[in-house]
1. Of a type in the set (Gly, Ala, Ser) and over 30 Å from Ile242 (Cα atoms), is that true of Ala133?
2. For residues that are in a loop (DSSP other than H, G, I, E, B), of a type outside the set (A, V, I, L, M, F, W, C) and more than 14 Å from Ile138 (Cα to Cα), tally how many sit in the range 197-228.
3. With Asn59, Asn41 as the choices, which residue is buried (at least 16 other Cβ atoms within 10 Å of the Cβ) and more than 18 Å from Val123 (Cβ to Cβ)?
4. Within the group Ala187, Ala236, which residue is surrounded by 18 or more Cβ atoms within 10 Å (Cβ to Cβ), modelled with pLDDT under 95 and more than 30 Å from Thr149 (Cβ to Cβ)?
5. Suppose we filter Thr164, Thr107, Thr143 for residues that are touching a strand residue (DSSP E or B) at 6+ places or on another chain (Cβ under 6 Å), of a type outside the set (Phe, Trp, Tyr) and farther than 21 Å from Leu249 by Cα; which single one remains?
6. Examine the range 45-65 for a residue that is basic (Lys, Arg) and either within 26 Å of Ile14 (Cα to Cα) or not in a loop (DSSP other than H, G, I, E, B) (or both), and state whether such a residue exists.
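The values are calculated or read from the model by the stated rules, or taken from the named source; none is laboratory data. Since we're looking at a predicted model, the values are computed, not measured. Every residue, glycine as well, gets a Cβ built from its backbone with ideal geometry; the counts of neighbours run over all protein chains shown.
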Amino acid sequence: MIELEDLPPLRDPIMILACEGWNDAGEAATDALEHLARLWNAEPIAALDPEEYYDFQVNRPRVVLDKGRRRIQWRTTRILTADPPQLSRSIVLVSGIEPSFRWRGYTIELMDFAQQAGVTTFVTLGALMADVAHSRSIPVSATSEDDVTMHRFDLEPSGYEGPTGIIGVLADAATQAGLTTISCWAAVPHYAGHSPSPKATLALLNRLAQLLDLPIDTGDLPAEAQTWEGNIDVLAESDEEIAEYVDALEKAQDTAELPEASGDAIAREFERYLRNRPPEKPEEP
């Protein structure tokens with residue numbers, strides 16, 4: 001179990017979690033978490049025992065050089081904390097690998113830690129490969145399953161049904177535990193989803209900053225995203241089939257983003273208007 005002896009005092013902490021593997025197309029989610037750890041000088045405070053959750057033939061330990069000496073680094077889920085002076089709340093970052101087994105035990109251990117650390121807001125970051133164009137804005141969906149959270153952050157419930165990863169399991173557990181729970185997912189072009197995608201990482205960070213009103217310096221990511229997009233342009237131009245496919249995706253995405261494209265979109269906008277309008281004053285007799 002996670003030891004809490006060295007846990008520093010935390011101010012209304014926000015826990016942000018990302019996991020390598022099935023939930024991390026283009027390494028967008030884990031790269032976003034690593035960016036936050038560097039930005040806020042996050043300090044590691046705990047790690048889950050890898051023996052409990054990982055198959056080491058799948059997630060092999062690594063040999064690293066530490067001050068000229070070789071040592072074994074066991075890959076696992078690590079917990080870091082940050083208390084940036086520019087923020088009014090503490091940050092808990094959970095950088096993990098999707099477990100090989102004992103998902104329930106893994107979930108219980110992290111939720112127990114969140115409860116004891118006083119976490120009130122739990123955010124998961126994920127990325128999936130989708131039919132979107134690299135030359136357009138990376139869509140980032142933000143969802144919640146709690147009515148209060150949906151109303152507070154102007155979110156929609158997820159309509160997804162099917163197999164899920166550890167991110168989905170943890171989000172459900174956090175909701176059941178009464179935490180303010182938000183899931184953010186970036187859609188990465190599937191024809192460019194096997195390499196790091198700084199454009200998707202940037203989109204996740206921008207959505208996180210908007211949702212939680214967090215000042216997040218994105219550093220070199222805008223320039224890296226532009227370079228990434230240029231490299232994919234070169235790839236598309238060199239292959240006629242890819243070029244035609246990208247053109248079709250661009251047209252479909254542009255059409256879907258038109259305000260008049262969907263009756264459901266109009267209905268959602270009207271519902272938001274009704275929720276956010278001030279209450280009418282009663283007429284005087």
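1. On the way: of a type in the set (Gly, Ala, Ser): yes; over 30 Å from Ile242 (Cα atoms): no.
Answer is no for this residue.
2. Taking the range 197-228 and keeping what is in a loop (DSSP other than H, G, I, E, B), we get 197, 213-220.
Restricting the remaining residues to those that are of a type outside the set (A, V, I, L, M, F, W, C) gives 197, 213, 215, 217-220.
Remaining after also requiring more than 14 Å from Ile138 (Cα to Cα): 213, 215, 217-220.
Selection size over the range 197-228: 6.
3. Going through Asn59, Asn41 in turn, just one is buried (at least 16 other Cβ atoms within 10 Å of the Cβ) and more than 18 Å from Val123 (Cβ to Cβ): Asn59.
4. Ala236
5. Residue meeting the stated conditions: Thr143.
6. yes
One line per residue, one yes/no per condition, for (1) surrounded by 13 or more Cβ atoms within 10 Å (Cβ to Cβ); (2) more than 20 Å from Leu202 (Cα to Cα); (3) of a type outside the set (A, V, I, L, M):
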{"site": "Leu10", "(1), (2), (3)": "yes, yes, no"}
{"site": "Ile14", "(1), (2), (3)": "yes, no, no"}
{"site": "Glu27", "(1), (2), (3)": "yes, no, yes"}
{"site": "Thr30", "(1), (2), (3)": "yes, no, yes"}
{"site": "His35", "(1), (2), (3)": "yes, no, yes"}
{"site": "Val63", "(1), (2), (3)": "no, yes, no"}
{"site": "Gln73", "(1), (2), (3)": "no, yes, yes"}
{"site": "Thr76", "(1), (2), (3)": "yes, yes, yes"}
